[in-house]
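Structure first, then comments.
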Amino acid sequence: MRTACLVALFVLPGLSIAPLLAEPPAATPSDDTTTCLGCHATTHPGLVADWQAGRHALVTPAADRARPAAARRLSAATVPEALAGHTVGCAECHTANAGKHADSFEHNGFQVHVVVTPEDCALCHAEERAQYAGNLMAHAYGNLMGNALYADLQRLVVGAATLDGAGRVAHAAPEASQLDDACLTCHGTKVAVTGQATRETVLGEMAFPVLAGWPNQGVGRINPDGSMGACTSCHTRHRFSLAEARKPDACEGCHKGPDVPAYKVWEVSKHGAIAAAHGDSWNWEAVPWTPGKDFSAPTCAACHVARLADGEGGLLAERTHRMNDRLPWRLFGLPYAHAHPISPDTTPIRNAAGLPLPTDLSGEPAASFLIDGAEQQARRARLQAVCGACHSTSWSDGHFARLEKTIAASNAQTRTATQLVERAWSSGLAIGPAAGGSPFDEAVERLWAETWLFHANSVRFAAAMSGADYGVFADGRWQLTRRIAELESLLRLHGAPAVAPEAKPSSKAR
Amino acid sequence: MRTACLVALFVLPGLSIAPLLAEPPAATPSDDTTTCLGCHATTHPGLVADWQAGRHALVTPAADRARPAAARRLSAATVPEALAGHTVGCAECHTANAGKHADSFEHNGFQVHVVVTPEDCALCHAEERAQYAGNLMAHAYGNLMGNALYADLQRLVVGAATLDGAGRVAHAAPEASQLDDACLTCHGTKVAVTGQATRETVLGEMAFPVLAGWPNQGVGRINPDGSMGACTSCHTRHRFSLAEARKPDACEGCHKGPDVPAYKVWEVSKHGAIAAAHGDSWNWEAVPWTPGKDFSAPTCAACHVARLADGEGGLLAERTHRMNDRLPWRLFGLPYAHAHPISPDTTPIRNAAGLPLPTDLSGEPAASFLIDGAEQQARRARLQAVCGACHSTSWSDGHFARLEKTIAASNAQTRTATQLVERAWSSGLAIGPAAGGSPFDEAVERLWAETWLFHANSVRFAAAMSGADYGVFADGRWQLTRRIAELESLLRLHGAPAVAPEAKPSSKAR
Amino acid sequence: MRTACLVALFVLPGLSIAPLLAEPPAATPSDDTTTCLGCHATTHPGLVADWQAGRHALVTPAADRARPAAARRLSAATVPEALAGHTVGCAECHTANAGKHADSFEHNGFQVHVVVTPEDCALCHAEERAQYAGNLMAHAYGNLMGNALYADLQRLVVGAATLDGAGRVAHAAPEASQLDDACLTCHGTKVAVTGQATRETVLGEMAFPVLAGWPNQGVGRINPDGSMGACTSCHTRHRFSLAEARKPDACEGCHKGPDVPAYKVWEVSKHGAIAAAHGDSWNWEAVPWTPGKDFSAPTCAACHVARLADGEGGLLAERTHRMNDRLPWRLFGLPYAHAHPISPDTTPIRNAAGLPLPTDLSGEPAASFLIDGAEQQARRARLQAVCGACHSTSWSDGHFARLEKTIAASNAQTRTATQLVERAWSSGLAIGPAAGGSPFDEAVERLWAETWLFHANSVRFAAAMSGADYGVFADGRWQLTRRIAELESLLRLHGAPAVAPEAKPSSKAR
């Protein structure tokens, strides 16, 4: 097969596929990339073909720079001269920022790194990288792993459960492989070089770095160059398709579970029905993206990310990779829904009780860490500008007014469930944090956690995107109130004394 | 932007998009609609583009009338002359039936209403409107809100749960916003004018009505003109696409939850697999719709709604918007599956015990309110005629015989679960209706309710449309029998005395 | 309509639709098939049109034989001469192997059988039939019905639950209709002739066989000729589309439930996202199938079934219809995940305790019935060759190393859950197998069963195909550890004495 590789090296120019887009002619790969392709077109034909089908293989950065500003894909003020004149191929990304990548290794005369990072992408896509650095998602690894309460939750969910001598369930610290396979699949692993391995290949014996936490494409991946994030979470290798990132399936991988059922809700909404009916005739690649002309119902990307045009030369929304730029509320309750955190690094947040949570157990938000009402209004206005392409102001005002009432109502239900678990703690039925116990290890505590983690969240996502079922019978209000009934029933069964409820359920979370 | 609006007024004719369908030339909007478009093409570009992509913007009622009867989209014997000669645009719908709409308001010289209703659509689509008025769905608001038992259920699921002085969970009457956001999302809200608001717009200050219960597209929406229903539930604004209503995604929004998992069952059926494989090459717009020629596996609309042709000039099925015209059974148990109600208004129904339910707790149907066996046979025959396009009689006979056995078997399981909850009531473990309690507020009662509301329903839908998983492990028989085991276990734990089961589980529901 | 049939007989040649594929001209149906079509094009127009759209109606076996070996659809060394020269129509399949079909009946001068079986398909597709006979799926009926433990499970899940005189739940033997409607929908029914029925048809009175277990397309269907399986499980009638079988929707019908959520996991994986984004531009019909050229992300068929080419004349993988040829592990735990069984007939398997299970309750595999490590390595190598089209060796090595750790970790959690149920049995809280009870009928046992049947399975499928949510919050580790907490809580509530846990959880399942 070595011969095949060498032959491929010479015939490769003939391999190029017909461009899908009308672009300046004669866009060719660099010599270095051509050398890479010489072997990899044979050893990884699917990978190379996928790259060939994408825009990186068809357009040079210089050609993109020549387009009108609103239609450009790259955002860097200047692109390094060495990159500008060739298409963007293997060498451009896998040898970029030489010297910064701990996973870099000598490979047939090139210093190559396996894990391409946001820093590499930023050579051409600087604005997106900067925005994304301000995105909660970029911090998803640290926000999870650096929070003592969430670490406890991970131990109880991911760690090995064994029986101790007294027959009680004990939870071990999670193995690294299990963390990587569970929460960190979405949050991102920490990728680190742990050694070197020598393997027999079609070109003889070769050495490769051995990587812990690999493979992974989590949104907050800690890369060997110290950067955070994986652009491939949404723009998968090696086509890096804009259309793909604009389809809700890109988000589905991490936003379909009962904790954050955004995809499922969208799918049953009228927006989802329209996309299912007509989406195959939409122009998923246009930049900017024009409602009505290019698509007729929003996907995740339309509301939260994309640069949208009004069809008359104006912009409805500027592109952002800080996904909460158009979101006043964090619907995801911890345990109550609340105004979005100011900083994407949430590890410094402490609630009134000193716990690393954005709200306390009474529902009071840790206000100094969260955006204020004015910022909430500004973000809502940005989102409503998107609605306005197709909906009247009274429609979208009615929608958001109802959503905010549902946020308050679902927070109040969480408060009632919390009062019940507090009674379990005060009565000794379960060992709560005040007595040094975990709030997540006992059956009664899991009941409580599901009221907010699954059901109040589901109710809010359903309200935000009009996915009726998820607000009622599909993990919504039915299950939320059923869990409350179960909690009360368990307390009664165990004879827990009634405690006077607090003055009034608080739902002041901004 | 005012200038932009005025300019748009003049250039609009040049805006028209290429017609998608070959139709008589020179179909143009009315002068009134052209005036509307003058501003709204700028202020709501997505909305206008969506309308332009639809048939309403391309064809006049007169042109449709000239087509062969079986291929017509409109059904009114005569269309008002003022409407016949222009395409169907903004003014045709939003100023129709002037004087009947409580939400009508003066808007730039026009008397406009926000909420277009079935009465407006009926000017051209009279038959569909008449059929739909006989559809259970049109009555979905009243059938829910006018039934004391369902009102109690809504209170317990949607109302705020708080702890009373004794530490017991108390349920408040639901807030209007929460009713609108929960059950009424699908059932339809009551839309009413509550005042007027003045807003700064691109054309200066303008006044608009303030609407309660808005936005909403529920199937039984109570409109400001007093009519019931929202054609936009399935034919969404402003394209009003036939293809969209024929795709199962139109139904998915309200028929995917565990209570009525029709969409999920269809999706995993062979019909769903065939649609996934070949649906993108089907003709979703043909009228009439011909199995084999236009599509190769049925969607919801094919079995339950569409006018189907046999390919030789005959009809397999006439179009109906009374969705149970081809359905002998209501699979949705209340609490037992039963023959369909005679009247779409189910509020007068009383079972033997005087409760507003179509069956009583022993399984006996409230027969005088339900269609009889002859009518069931007629409806089954209409449905089997559809099956006959692709399946032999022995295939479809076998299918329906098995379904009817599953209806009986699942009703019998519900009877067993009901005997267990009755024992909880008689033993004092829970406070049942006989003692003045709600049958839905205690944990043990929720267990019972899930046996029929989620699991027996799922088993029956799976049987009706061959969606195996939903009959067994996915919310089906496994969960149904698990709940029965839980009920029994709870009774034993509490020492509830065994009571002699009734003579024999009744599954006489017709 | 009889006239219509006769007329159709003459005009049928004009009915032929334009071929979809460039093939030798003049491929025509046999005279016998033309006679069938004479009536059935009228009586079952959808069925006939579906067949006309498929390759069987367009290509003769002889023409397929003339293609290069790697591109052929049929695999038989020789095709019976009588079949070679005509397209494959009604008569070719429904009159094949005359005399072997118990459901054969005289029909207008032909001896026709209703149920076309793998033996009939094998006339042209001999290799696929032989491979499939070695597939677990072909044995799905017997493996379920011939296993005493699974029969017990079926009784408790599918049989009627009634209350006995003491108020205890008793489970009757399942009715045949309910077995057919539940587990056998996927596993396959036993189709048998139970009599003959005479029906009035458009051609006058005719007699047809009455079939028990019909309709059904389960993977292990027992056919009236004694054969096992239904090719139509994946290649549905009457188009028998390769594209359809290659789409994951073909597998979805039986692989979406919580017990085996393969489809759901794939859907949320990056593979699923890429297919959703670009699948409509793939070539789903190419034989062989080339990653990168024909498709850019694998479906179920790509990894487990299809003949894959490397684009340079070589094969990445040979076609197989023994679906575990590329699978070292059976992820589906019984109750622990284990190496695949050697024989597709699993009824002889006995674990150390003599139970018909591939592992015993301590986690020890019934090793002599399972493939050994060398065979596991060979199967993994076949699968990794598929990965290699797009992924580096270090990527796929990392993936499989992590998967194998998750198999071990999930088995260990199952062991802990099993220790808890064993304590319930030993303490008398539940009546276990040692005391003559079923392990599946009591609430506490259902809790235990869900830990492995739903949650450990889900965790493993999520690991195998990178579907994050299903490993954590969507039926995964959260629910697995919640059930363990519930089990412990129940034991404590009932005062079950602590028992010393066994030396160490075994997860030695190979």
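Measuring from centroid to centroid over Cα atoms, what is the spacing of the stretch B:417-461 and the stretch B:85-144 in Å?
What the calculation gives is 42 Å, centre to centre.
Taking H placed 1.01 Å from N in the peptide plane, check which residues at least 5 places from residue A:107 or on another chain put their amide H under 5 Å from its amide H.
A:112
Tabulate in residue order the Karplus-calculated ³J(HN,Hα) for the stretch B:174-179, using 6.51 cos²θ - 1.76 cosθ + 1.60 with θ = phi - 60°, rounded to whole Hz; enter x for Gly and Pro.
x, 5, 4, 4, 7, 4
Just want the answer: with Cβ charges of +1 for Lys and Arg and -1 for Asp and Glu, which residue in B:316, B:209, B:222 is farthest toward the dipole's positive end in chain B?
B:316
Can you give the Rg to Rh ratio of the stretch C:152-200, both from alpha-carbon atoms, with Rh computed by the Kirkwood formula?
Values: Rg = 15.2 Å, Rh = 12.9 Å.
Rg/Rh: 1.18.
Run the label-point distances for residue A:436 please: 7 Å along Cα to Cβ, every other copy, nanometres, shortest first.
4.8, 4.8
When the Kirkwood radius is taken over all Cα pairs of the stretch B:352-505, what Stokes-Einstein diffusion coefficient follows at 10 °C and 1.306 mPa s, in µm²/s?
Numbers: Rh = 17.3 Å.
In µm²/s, the coefficient rounds to 92.
Quote the charge dipole size of the protein assembly as shown about the Cα centre in Debye, to the nearest 20; the model charges only the Cβ of Lys and Arg (+1) and of Asp and Glu (-1).
Values: 129 positive and 150 negative charges, 175 e Å.
Charge dipole, the protein assembly as shown, about its Cα centre: 840 debye, nearest 20.
Taking only DSSP H segments of four or more residues, each worth -39500 (n - 2.57), what value at 222 nm results for the protein assembly as shown once the sum is divided by all its residues, to the nearest 500 deg cm²/dmol? Provide the component values of the computation, followed by the final result.
On the way: 66 runs with 606 residues, N = 1530.
One gets -11500 deg cm²/dmol as the mean residue ellipticity at 222 nm.
Output the direction-averaged projected area (hull surface divided by four) of the convex hull of the alpha-carbon atoms of the stretch A:69-158, in nm². Numbers along the way, then the final one.
Values: hull surface 35.6 nm².
That works out to 8.9 nm², a quarter of the Cα hull's surface.
On a 20 Å Cα-Cα criterion, which of the cross-link pairs B:293/C:293; A:256/A:293; B:270/C:247 come out too long? Could the numbers behind the result be given before it?
Numbers: B:293/C:293 31 Å; A:256/A:293 29 Å; B:270/C:247 12 Å.
Listed pairs above 20 Å: B:293/C:293; A:256/A:293.
First select every other residue whose beta carbon is under 10 angstrom from the beta carbon of residue A:199; then total the charges, Lys and Arg +1, Asp and Glu -1.
Values: positive: none; negative: A:200, A:205, C:397.
Neighbour charge sum, excluding residue A:199 itself: -3.
Which angle from 0 to 90°, rounded to the nearest 10, does the C-alpha axis of helix C:2-15 make with the longest principal axis of chain C?
Compared with the principal axis, the helix lies near 90 degrees.
Collect residues whose amide H, placed 1.01 Å from N in the peptide plane, falls under 5 Å from the amide H of residue C:352; neighbours closer than 5 in sequence don't count.
The list, which skips near neighbours in sequence, is C:360.
Report, in cubic angstrom per residue, the convex hull volume of the C-alpha atoms of the stretch C:218-331.
Here the figure is 128 Å³ per residue.
For the stretch B:127-259, give the share of DSSP beta bridges that are antiparallel, in percent and rounded to the nearest 5; count only bridges with both residues there.
Values: 13 of 14 bridges.
The answer is about 95 percent antiparallel.
In whole Å and largest first, what semi-axes does the C-alpha gyration tensor of the stretch C:268-406 yield when each eigenvalue is scaled by 5 and square-rooted? List each step's numbers first, then the result.
Details: eigenvalues 211, 48, 39 Å².
Whole-Å semi-axes of the equivalent ellipsoid: 33, 15, 14.
Which whole-Hz couplings ³J(HN,Hα) result when phi for each residue of the stretch C:247-263 is put into the Karplus expression 6.51 cos²θ - 1.76 cosθ + 1.60, θ = phi - 60°, listed in order with x for Gly and Pro?
Each residue's phi maps through the Karplus curve to give 7, x, 4, 5, 8, 3, x, 10, 10, 10, x, x, 6, 8, x, 4, 4 Hz.
Spelling out what I want: for every residue of the stretch A:392-404, take phi, set θ = phi - 60°, compute 6.51 cos²θ - 1.76 cosθ + 1.60 (Karplus), and round to whole Hz; glycine and proline get x.
Running phi through 6.51 cos²θ - 1.76 cosθ + 1.60 with θ = phi - 60° gives 6, 4, 5, 4, 6, 4, x, 4, 6, 4, 5, 4, 5 Hz.
Provide the percentage of antiparallel DSSP beta bridges, counting only those with both residues in chain B; round to the nearest 5. Write out the running numbers ahead of the final one.
Details: 23 of 26 bridges.
Counting only bridges with both partners in chain B, antiparallel ones make up about 90 percent.
Which distances in nm, rounded to one decimal and ordered from shortest, link the label point of residue B:77 to the equivalent label points in the other identical copies, with labels set 7 Å from Cα toward Cβ?
Its label point is 7.6, 7.6 nm from the equivalent points in the other copies.
For the stretch A:71-198, with the dipole built from +1 on Lys and Arg beta-carbon atoms and -1 on Asp and Glu ones, taken about the Cα centre, which of A:162, A:125, A:102 lies farthest toward the positive end?
Of A:162, A:125, A:102, it is A:162.
Could you state the angle between the C-alpha long axis of helix C:477-493 and the longest principal axis of the C-alpha atoms of chain C, as a value from 0 to 90 degrees rounded to the nearest 10?
Helix C:477-493 sits at roughly 40 degrees to that axis.
Quick one: grab the alpha carbon gyration tensor of the stretch C:334-427, order the square roots of its eigenvalues as a ≥ b ≥ c, and give me rounded if a/c is under 1.5, else prolate or oblate depending on whether a/b is larger than b/c.
Working: a/c = 3.95, a/b = 1.66, b/c = 2.37.
Verdict is oblate for the stretch C:334-427.
Specify, for chain B, the residue whose C-beta is closest to the rotation axis mapping it onto chain A, with the distance given in whole Å.
B:280, 4
Report, by chain and number, residues whose modeled amide H sits under 5 Å from the one on residue C:330, excluding near sequence neighbours (fewer than 5 apart, same chain).
Long-range HN contacts for residue C:330: C:338, C:339, C:340.
How big is the Rg/Rh ratio for chain C, C-alpha atoms only, Rh by Kirkwood, two decimals?
Working: Rg = 25.7 Å, Rh = 25.3 Å.
For chain C, the value is 1.01.
Charges only on Cβ, +1 for Lys and Arg, -1 for Asp and Glu: so what's the dipole of the stretch C:370-455 about the Cα centre, in debye to the nearest 20? If you can, show how the numbers build up before the last one.
Numbers: 8 positive and 9 negative charges, 67 e Å.
Computed about the Cα centre, the dipole is about 320 debye.
Any idea what diffusion coefficient the protein assembly as shown gets from Stokes-Einstein, in µm²/s, Kirkwood Rh on alpha carbon pairs, 25 °C, 0.890 mPa s?
Working: Rh = 34.3 Å.
The calculation lands on 72 µm²/s.
Say a label goes 7 Å from Cα toward Cβ at residue B:373 in every copy; what distances in nm does this one have to the rest, shortest first?
For residue B:373, the other copies' label points sit at 6.9, 6.9 nm, shortest first.
What does DSSP give for the stretch B:250-375 in terms of the percent of beta bridges that are antiparallel, rounded to the nearest 5? Walk me through the numbers before you get to the answer.
Details: 6 of 8 bridges.
Roughly 75 percent of the beta bridges in the stretch B:250-375 run antiparallel, per DSSP.
Once ligands and nucleic acids are excluded and a 1.4 Å probe is used, how much of residue C:214 is accessible, expressed in Å² to the nearest 10?
Its accessible surface works out to 20 Å², give or take rounding.
When you look at the Cβ of every residue in A:391-400, what mean number of other chain Cβ atoms sits within 10 Å?
Rounded to a whole number, the mean comes out at 5.
Taking the Cα centre of chain C as origin, sum charge times position over the Cβ atoms of Lys and Arg (+1) and Asp and Glu (-1), and report the length of that vector in debye to the nearest 20. List each step's numbers first, then the result.
Working: 43 positive and 50 negative charges, 253 e Å.
With Lys and Arg at +1 and Asp and Glu at -1, about 1220 debye.
Shielding of B:259-272 by partners, i.e. mean partner chain Cβ atoms within 10 Å per residue?
Details: counts 5, 2, 3, 0, 2, 1, 0, 0, 4, 9, 2, 11, 1, 3.
Per-residue shielding by partner chains comes out at 3.
The values are calculated or read from the model by the stated rules, or taken from the named source; none is laboratory data. Bear in mind the structure is a predicted one, so any value in this text is a computation, not a measurement. Using ideal geometry, Cβ is built from the backbone for each residue, glycine included, and neighbour counts are taken over all protein chains shown. Accessible surface areas use protein heavy atoms only, side chains included; no ligands, DNA or RNA. Shrake-Rupley method; radii C 1.70, N 1.55, O 1.52, S 1.80 Å.
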